[in-house]
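Undergrad: If you scroll down you'll find the structure; I have some questions about it.
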Amino acid sequence: MEGRGGAPNRRQSYNCDVASAGPVRSLAWSTTFCGKDGLLATRHVPETFQACRHGGNVRLIFVVSLAGIASALMTGATPAEEEAAATGQKWLALLDDQKYEESWSQAGSQFRDEVNQDQWVAVLKRSREPMGSMISRTTARVDFAKSLRGAPHGDYAIIHFTTSFENKSNVTERLTLVKEDGRWRVAAYAIH
C-alpha cells in the first residue's frame, strides 16, 4: 500500500519510555501519539485536514513538518546497533528455550569468570522460569560505551529490550555485550 507521493504507508509501534526514547519514526501524512498502553502508534491524518488549509502559513508548517518526519525516517538503527541487537536476540533465544547451560557457554569470558554454570542455571530457574514463555520482545535502546564501572576498558553495547512473558508483561531485559576477538559476547544480563 502506498501513501501520497509514492511513500510507503507503514504502521509501527515504539516503546514510550521518555527517559530512553530515541528518535521517533513517523511517516508522511501520519501523526504519532502515545496511547494508554504506553506505546507510540501512527495514525493517518484524515483527508479533510488537507482541505482545511488557511493561507501559506499552514502550508509552510505542513511542509516543515514533512521535512522533520522524513529526517526522522532517515535516522534508523545503525549497522552496529543492528548487529549488537541481533547478537543479543540470538543469545536471549537460548534462555527462552531453557538452554541455560548453552547460554552460559556462549557468554563472554567476563561473564563466565563472574558466575559459574551451576549458579547461572539456578538463578534462571528461580527468577526467569516463573515468568513463563516469551510472548514478544523488541529492542528499545542500544547504547555503546568504551568503559563501564567495575569493568575493564573495551567496546561495550548495552541493549534494553522490552519483553512480555506469559505470566508477566512489560519487562525490561538489559543485556551488556563486550567485543571479544572481534565478536559480541554477553558480559551481563539483568531483568527488571
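The values are calculated or read from the model by the stated rules, or taken from the named source; none is laboratory data. None of these values were measured; they are calculated from a predicted model. Glycine gets a Cβ as well: all are built from the backbone with ideal geometry, and neighbour counts include every protein chain shown.
Undergrad: Give me a count of the residues in the stretch 168-182 that are of a type in the set (D, E, K, R), free of Cβ contacts under 8 Å to residues at least 60 places away in the same chain and over 17 Å from Arg141 (Cα atoms).
TA: Going through the stretch 168-182 one residue at a time, the tally reaches 3.
Undergrad: In this structure, is Leu94 surrounded by 14 or more Cβ atoms within 10 Å (Cβ to Cβ) and touching a residue at least 24 places away in the same chain (Cβ under 8 Å)?
TA: no
Undergrad: Assess whether Thr172 counts as being touching a His at 6+ places or on another chain (Cβ under 6 Å), assigned by TED's automatic domain parsing to the domain that holds Gly88 and at pLDDT 95 or above.
TA: When the stated conditions are applied, Thr172 passes them.
Undergrad: Go through the stretch 100-150 and give me each residue that's crowded, with 17+ Cβ neighbours inside 10 Å and acidic (Asp, Glu).
TA: none
Undergrad: Write out, first by first residue and then by second, each pair whose Cβ atoms fall under 7 Å of each other, whose residues are 6+ apart or on separate chains, and whose first residue, in the stretch 129-147, is among the acidic types (Asp, Glu) while the second is part of a strand (DSSP E or B).
TA: Pairs found: Asp143/Ile158.
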